[in-house]
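Undergrad: Can you keep this structure in mind? I'll have questions shortly.
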Amino acid sequence: LAKLVLHNPYMASHTVLAHPGQIITLLKNCEVGKLDLFCAACPAAVMRDALPKLLRHVEQAKLLSVLVPLLNNVEMHAPLAAMLRRVDALRLAEILNGALLGRLDVVMRCPGETVVDILCAVKDARICALLPPVNQAPEKLLDFVSHCASAEKAAAIVNFIEPEAIVWLFYSTSPARLAELLGHFDAAEFRENGCFIRFLGHLQGERRLTNNVVGPFLSLVPPAVVAQMVREVPAEQLLKVLCNVGPRGVARILENTNVDLIIRMWTGRLESLVVNGAAPLSALQRDVRAAAAIKNVSDGIQQALSSYRRLVAVGA
């Protein structure tokens, strides 16, 4: 222990010793050799600044149940050091205080620094919104983050959507598929009034809708098609059709009918006709030959409409 303090003199600084109970808990329960390895992996300037803040703001019970296991696991050293380098210590303290035993280390197995990137992009007031996914669905969150190409888009979901809806989505569709879906939307569509955020907003407080309708819809329909529907069909109208026809029925319609034509119909003025007519159309498409015929006809109609629009544009 004396050697550890000799190598890392900030361990005995007055700002650290101002919290005797916490530093004693840390040193008493950490394996000295592994703590020494972590200190070697994390720049002294970072530790000098972060350690007193963590000792002051992390509850003693959480030091013991959350932080100590991370320090005693060599595989966690690199991601934890990255967090300390880039994430404000007060943010990290809030996460440590809210995390349950054995949850945070699951998420921190994500390769690279995607987890840190997300932590940096989440608003201060929304850090607590990260905790339900961490505590209730750590493996699902790991799967999502590992496949997520944009930390900013993932952080936007945390910033604007209640965490319970995120957890419901993780359990009702593949987190990897959800991460893939994000790639089909532009950054502007993740603003507070963006179409994807507005669509997810309808899931808040709607567990049955999320689990029984939207989650299966995301699982059955290719992400590129889902993105096109969310972008071009008002969320209320899309959800109304989904509830009326069911996710499998809508998936069958989108598979066997020209998607652009369906969007034209579902965004038209004949709202009640479209909603009520979608179910019979889906039922008809259970027959393979009928489905193929409908697909050919709908492709032809959409092609004719597109040609007509081009002619009108040229004439104008």
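Undergrad: Is segment 53-60 home to any residue that is of a type in the set (Asp, Glu), in contact (Cβ under 8 Å) with a residue 40 or more places away in the chain and open to solvent by 10 Å² or more (accessible area, probe 1.4 Å)? Give the derivation first.
TA: We begin by selecting, within segment 53-60, every residue of a type in the set (Asp, Glu); these are 59.
Adding the requirement that they be in contact (Cβ under 8 Å) with a residue 40 or more places away in the chain leaves none.
For segment 53-60, residues of a type in the set (Asp, Glu), in contact (Cβ under 8 Å) with a residue 40 or more places away in the chain and open to solvent by 10 Å² or more (accessible area, probe 1.4 Å): absent.
Undergrad: Can you go through Leu64, Leu70 and tell me which one is in a helix (DSSP H, G or I) and open to solvent by 50 Å² or more (accessible area, probe 1.4 Å)? Lay out the reasoning, then the answer.
TA: Numbers: Leu70 fails: open to solvent by 50 Å² or more (accessible area, probe 1.4 Å).
After ruling out the rest, the residue left standing is Leu64.
Undergrad: Could you tell me how many of the residues in segment 241-286 are at pLDDT below 90 and open to solvent by 20 Å² or more (accessible area, probe 1.4 Å)?
TA: 25
Undergrad: Next question. Restricting the search to segment 36-52, which residues are under 16 Å from Ala93 (Cα atoms) and open to solvent by less than 60 Å² (accessible area, probe 1.4 Å)? Talk me through it step by step, then tell me what you get.
TA: Going residue by residue through segment 36-52, those that are under 16 Å from Ala93 (Cα atoms) are 46-52.
Hits for segment 36-52 are Val46, Met47, Ala50, Leu51, Pro52.
Undergrad: When segment 185-225 is examined, which residues are found to be over 14 Å from Val158 (Cα atoms) and among the basic types (Lys, Arg)?
TA: If the condition is that a residue be over 14 Å from Val158 (Cα atoms) and among the basic types (Lys, Arg), then Arg207, Arg208 are the ones that fit.
Undergrad: Would you check if Leu100 is in contact with a helix residue (DSSP H, G or I) (Cβ under 7 Å, 6 or more places away or on another chain), in a loop (DSSP other than H, G, I, E, B), open to solvent by 30 Å² or more (accessible area, probe 1.4 Å) and within 27 Å of Ala61 (Cβ to Cβ)?
TA: On the way: in contact with a helix residue (DSSP H, G or I) (Cβ under 7 Å, 6 or more places away or on another chain): yes; in a loop (DSSP other than H, G, I, E, B): yes; open to solvent by 30 Å² or more (accessible area, probe 1.4 Å): yes; within 27 Å of Ala61 (Cβ to Cβ): yes.
Yes, satisfied.
Undergrad: May I ask you to say which residue of Leu203, Leu209 is closer than 20 Å to Trp266 by Cβ, hydrophobic (A, V, I, L, M, F, W, C) and either touching an Asp or Glu at 6+ places or on another chain (Cβ under 6 Å) or not in a helix (DSSP H, G or I) (or both)?
TA: Values: Leu209 fails: either touching an Asp or Glu at 6+ places or on another chain (Cβ under 6 Å) or not in a helix (DSSP H, G or I) (or both).
Just one listed residue meets the conditions, Leu203.
Undergrad: For the structure I just gave you, tell me whether Pro163 is open to solvent by less than 60 Å² (accessible area, probe 1.4 Å) and either under 23 Å from Cys243 (Cβ atoms) or in contact with an Asp or Glu (Cβ under 7 Å, 6 or more places away or on another chain) (or both). Reasoning before the result, please.
TA: Values: open to solvent by less than 60 Å² (accessible area, probe 1.4 Å): yes; either under 23 Å from Cys243 (Cβ atoms) or in contact with an Asp or Glu (Cβ under 7 Å, 6 or more places away or on another chain) (or both): no.
Judged against the criteria, Pro163 is not a match.
Undergrad: Please find, among His19, His14, His77, the residue that is without any contact (Cβ under 8 Å) to a residue 24 or more places away in the chain and either crowded, with 18+ Cβ neighbours inside 10 Å or not small (Gly, Ala, Ser) (or both).
TA: Numbers: His19 fails: without any contact (Cβ under 8 Å) to a residue 24 or more places away in the chain; His77 fails: without any contact (Cβ under 8 Å) to a residue 24 or more places away in the chain.
Unique residue meeting the criteria: His14.
Undergrad: Ile95 passes all but one of (1) farther than 22 Å from His147 by Cα; (2) free of Cβ contacts under 8 Å to residues at least 40 places away in the same chain; (3) open to solvent by 30 Å² or more (accessible area, probe 1.4 Å); which number fails?
TA: Here Ile95 meets the rest and fails (3).
Undergrad: Among the candidates Phe217, Phe196, single out the residue that is closer than 19 Å to Arg126 by Cα, modelled with pLDDT of 95 or more, over 12 Å from the mean Cα position of the chain (by Cα) and part of a helix (DSSP H, G or I).
TA: Phe196
Undergrad: Which members of segment 122-160 meet the condition of being in a loop (DSSP other than H, G, I, E, B) and either surrounded by fewer than 20 Cβ atoms within 10 Å (Cβ to Cβ) or in contact (Cβ under 8 Å) with a residue 60 or more places away in the chain (or both)?
TA: Hits for segment 122-160 are Lys123, Ala149, Ser150.
Undergrad: Being over 16 Å from Asn8 (Cα atoms) and modelled with pLDDT of 95 or more narrows it down to one residue among Leu80, Leu51, Leu71; which is it?
TA: Leu80
Undergrad: Which residue is most open to solvent (accessible area, probe 1.4 Å), if the candidates are limited to segment 103-121 and must be in a loop (DSSP other than H, G, I, E, B) and at negative phi?
TA: Here the residue is Arg109.
Undergrad: Are there helices (runs of 4 or more DSSP H) fully within segment 1-47 with at least 3 residues that are at pLDDT 90 or above? List them.
TA: By residue number, 14-17, 20-29, 32-41.
The values are calculated or read from the model by the stated rules, or taken from the named source; none is laboratory data. Owing to the predicted nature of the structure, the values given are computational and were not obtained by experimental measurement. We place every Cβ from the backbone using ideal geometry, glycine too, and count neighbours over all the protein chains shown. In case anyone asks, the SASA skips ligands and DNA or RNA and just uses the protein heavy atoms, side chains included. Shrake-Rupley method; radii C 1.70, N 1.55, O 1.52, S 1.80 Å.
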